[in-house]
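Notes to accompany the following structure.
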Amino acid sequence: MTYKRILLKLSGEALMGNRNYGIDPDRLSDYADQIKQITEQGIEVAIVIGGGNIFRGVAGASNGMDRVQGDHMGMLATVINGLALQSALENAGVPTRLQSAIKINEVAEPFIRRRAMRHLEKGRVVIFGGGTGNPYFTTDSAAVLRAIEIEADVILKGTRVDGIYNTDPEKDKTAIKFNTISFEDVLKKGLKVMDTTAFTLSQENDLPIIVFDMNKHGNLLKIVSGEAIGTTVS
Ligand code: UDP
């Protein structure tokens, strides 16, 4: 296996599948199945999950809501998704722990770095909910932050697109995919991989990012087995 410890970033939107809102149970169980496949190879797996399928602070703010209040709602949405993923993983027989950046002790453990690392060593999948715990951040930033903290080898950003392209492949049929690209070139070409805060944090800490299509069953296992799937930024 190419990696020992990975951080998987799943967007909330990905959980919607073909729906317009909420969680698609088929998508959820497919994700659980793919995650199980890599834990069976001895890979230590931490997950940061987004909340965009339920609520985003910016969307609330554009409708006149206080931004911080909206971001709190967004962070709670990530905990809801975390609970759903935890349940799906446990149904698949994978031991998990959910840690939250916001204290919500009846529902999830608080985020404690050392405890998270101990869970990983014991083979438990650790799901980080609540983002960074701060408004004005995204779960991409939470993913990079947690990955650095737990000393993950790589961030695997599961999306519905199979990598990074020079233009938007959903709009432009002539778009060309990069197999590998440097952090500098992503910035120079103005490509969108993560928000700038998350991206520069990753760059400054030499943490590679692989963007790949999580909706193609088996891709996760292929990546950790060393197959060139998606786009690697390093
Ligand atoms: N959020 C936040 N701080 C964080 C992470 C998330 O305030 O550290 C809020 C923010 O409102 C965001 C929402 O939670 O829009 C959902 O997260 P995100 O948009 O990153 O989810 P994704 O796009 O991955 O589904």
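Table for the structure above
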| read-out | value |
| --- | --- |
| Near pairs, Cβ below 7 angstrom, 6+ apart or cross-chain, from the stretch 187-200 (on the phi < 0 side of the Ramachandran plot and polar (S, T, N, Q)) to any residue that is open to solvent by less than 60 Å² (accessible area, probe 1.4 Å) and not in a loop (DSSP other than H, G, I, E, B) | 197/141 |
| Enumeration of residues in the stretch 35-60 that are within 9 Å of the ligand (Cβ to nearest atom) and either of a type in the set (A, V, I, L, M) or in a loop (DSSP other than H, G, I, E, B) (or both) | 48, 49, 50, 51, 52, 53, 54, 55, 56, 58, 59 |
| Qualifying residue in the stretch 193-211 (condition: open to solvent by 60 Å² or more (accessible area, probe 1.4 Å), under 24 Å from residue 114 (Cα atoms), more than 16 Å from the ligand (Cβ to nearest atom) and in a helix (DSSP H, G or I)) | yes |
| Sole exception among (1) among the aliphatic types (A, V, I, L, M); (2) surrounded by fewer than 21 Cβ atoms within 10 Å (Cβ to Cβ); (3) in contact with a Phe, Trp or Tyr (Cβ under 7 Å, 6 or more places away or on another chain) for residue 92, by number | (3) |
| Residue 229 being out of contact with any Lys or Arg (no Cβ under 8 Å at 6 or more places or on another chain), among the hydrophobic types (A, V, I, L, M, F, W, C) and farther than 20 Å from residue 139 by Cβ | no |
| Some residue of the stretch 66-76 being out of contact with any Ser or Thr (no Cβ under 6 Å at 6 or more places or on another chain), among the β-branched types (Val, Ile, Thr), in contact (Cβ under 8 Å) with a residue 24 or more places away in the chain and open to solvent by 20 Å² or more (accessible area, probe 1.4 Å) | yes |
| Hey, residue 221 farther than 20 Å from residue 141 by Cα and in contact (Cβ under 8 Å) with a residue 40 or more places away in the chain or not | yes |
| Options 113, 160, 118: the member that is in contact with a helix residue (DSSP H, G or I) (Cβ under 8 Å, 6 or more places away or on another chain), open to solvent by 70 Å² or more (accessible area, probe 1.4 Å) and either more than 15 Å from the ligand (Cβ to nearest atom) or free of Cβ contacts under 8 Å to residues at least 60 places away in the same chain (or both) | 113 |
| Selection from the stretch 121-139 of residues that are within 6 Å of the ligand (Cβ to nearest atom) and either buried (at least 21 other Cβ atoms within 10 Å of the Cβ) or within 23 Å of residue 3 (Cα to Cα) (or both) | 131, 132, 138, 139 |
| Count - residues of the stretch 110-145 that are over 16 Å from the mean Cα position of the chain (by Cα), in a loop (DSSP other than H, G, I, E, B) and small (Gly, Ala, Ser) | 1 |
| Residue within the stretch 37-58 that is among the hydrophobic types (A, V, I, L, M, F, W, C) and over 18 Å from the mean Cα position of the chain (by Cα) present | yes |
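The values are calculated or read from the model by the stated rules, or taken from the named source; none is laboratory data. Please read these numbers as outputs of a predicted model, since none were measured by experiment. Please note: Cβ atoms are built from the backbone with ideal geometry, for glycine as well, and neighbour counts cover all protein chains shown. When the accessible area is computed, the model is the full protein with side chains, heavy atoms only, and any ligands, DNA or RNA have been set aside. Shrake-Rupley method; radii C 1.70, N 1.55, O 1.52, S 1.80 Å.
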